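Working notes for the structure below.
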Amino acid sequence: MDPESELVFDFPPFLRLYKSGHVERLIGTDVVPAGVDTATGVASKDVVIDPQTGLSARLYIRCSSDESGKRKLPVLVYYHGGAFVIESAFSPTYDGFLNNLVARVDFVVVSVEYRRAPEHPIPAAYDDSYAALNWVASHAGGSGGPEAWLAERGDFGRVFLAGDSAGANIAHNVLMRTRTDALPNAVPITGLALIHAYFWGKEPVGSEPTDPMFRQWLETTWGFVCGWSFGIDDPRVDPFGDPAILKTLPCRRVLVSVTEKDWFRDRGKAYYEKLQESGWEGEAELLETEDEEHVYFLSKPDCDKAAVELDRLVSFLTRD
């Protein structure tokens, strides 16, 4: 059989991997250029963080903020979703979402373009995402840095991490890594927003599906994105193996968002509950949305529930 047509792994609806090594991405491949979004008054630009790995990011700031002088702005580092295999910081989906967010929050936002599986199996996404946060923190403390929006405008006493789906998983793991790999200039993380986070495990939690075939499929897709190197009980995908681990979460507040028709709902709720039970001294809040699917707010950004979702994220990021 022709290796160009012989299928090695089918990961619907995201991609197909062929014996030749060719990866056919089925969705989440479109990109849009950076620039000024006239609908929101938000400016964006793309930066290369590490030419060797291709690590890059899209930065956002309100045009009015960029022109308004010296007032310091909080910083949000955002990690996009896409099952570790599709989507991009440069996609119309995430560009539109973050333009709308920055129109509501006067922040500098850094949307990270990390390497994706299967060409770059996990832990590449985690390593890139931590490296991007490290790069952001390197602009603090008057030490300067290559990016003026961060060096001149960033308030590094108010740094947040956020992400959706696989990106929320990444945000959690990057935050946990800062416990042992300290950020430059001792930059602290103020808050973590986990939106429909991708967490899973060997045994069902709450009302998760118990069908062995379904659970095996999710376990297999996790194996695929990490090059078959880590099991479904790996703490990066199942953070509940050590009940005490969340007690050391190094931030002051956490927002967990879940939605009713999401396979990952009960893991998200368990994260919120176990965080509170752990003895962690921060403030946690839970947003539950009824009758919606996983990351619905990206596919239906104009619906009423997406507006509520955005409102809660804005409130979380902007309150004192």
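The values are calculated or read from the model by the stated rules, or taken from the named source; none is laboratory data. Because the structure is predicted, anything quoted here is derived from the model rather than measured. Please note: Cβ atoms are built from the backbone with ideal geometry, for glycine as well, and neighbour counts cover all protein chains shown. These accessible areas exclude ligands, DNA and RNA; they are computed on the full protein's heavy atoms, side chains included. Shrake-Rupley method; radii C 1.70, N 1.55, O 1.52, S 1.80 Å.
Are any residues in region 206-253 open to solvent by less than 30 Å² (accessible area, probe 1.4 Å), touching a residue at least 40 places away in the same chain (Cβ under 8 Å), within 27 Å of Leu76 (Cα to Cα) and among the charged types (D, E, K, R), and if so, which ones?
Arg253, the sole residue that qualifies.
So that you can scan it fast, the table gives a plain yes or no per residue for (1) closer than 26 Å to Val314 by Cβ; (2) surrounded by 20 or more Cβ atoms within 10 Å (Cβ to Cβ); (3) touching a Cys at 6+ places or on another chain (Cβ under 9 Å); (4) among the hydrophobic types (A, V, I, L, M, F, W, C):
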{"position": "Val85", "(1), (2), (3), (4)": "no, yes, no, yes"}
{"position": "Asp95", "(1), (2), (3), (4)": "yes, yes, no, no"}
{"position": "Val110", "(1), (2), (3), (4)": "yes, yes, no, yes"}
{"position": "Leu150", "(1), (2), (3), (4)": "yes, yes, no, yes"}
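Of the residues that make up region 17-32, is at least one outside any loop (DSSP other than H, G, I, E, B), in contact (Cβ under 8 Å) with a residue 60 or more places away in the chain and either within 20 Å of Ala148 (Cα to Cα) or of a type outside the set (A, V, I, L, M, F, W, C) (or both)?
yes
Could you figure out which of (1) open to solvent by less than 50 Å² (accessible area, probe 1.4 Å); (2) part of a strand (DSSP E or B); (3) over 19 Å from Leu133 (Cβ atoms) isn't true of Arg58?
Single failed check for Arg58: (3).
Give the residues of region 254-281 that are surrounded by 15 or more Cβ atoms within 10 Å (Cβ to Cβ) and of a type in the set (Gly, Ala, Ser), sorted by residue number.
Within region 254-281, Ser257, Gly268, Ala270, Ser278 meet the criteria.
If you scan region 177-197, which residues turn out to be outside any strand (DSSP E or B) and open to solvent by less than 20 Å² (accessible area, probe 1.4 Å)?
Correct list: Leu183, Val187, Ile189, Thr190, His196, Ala197.
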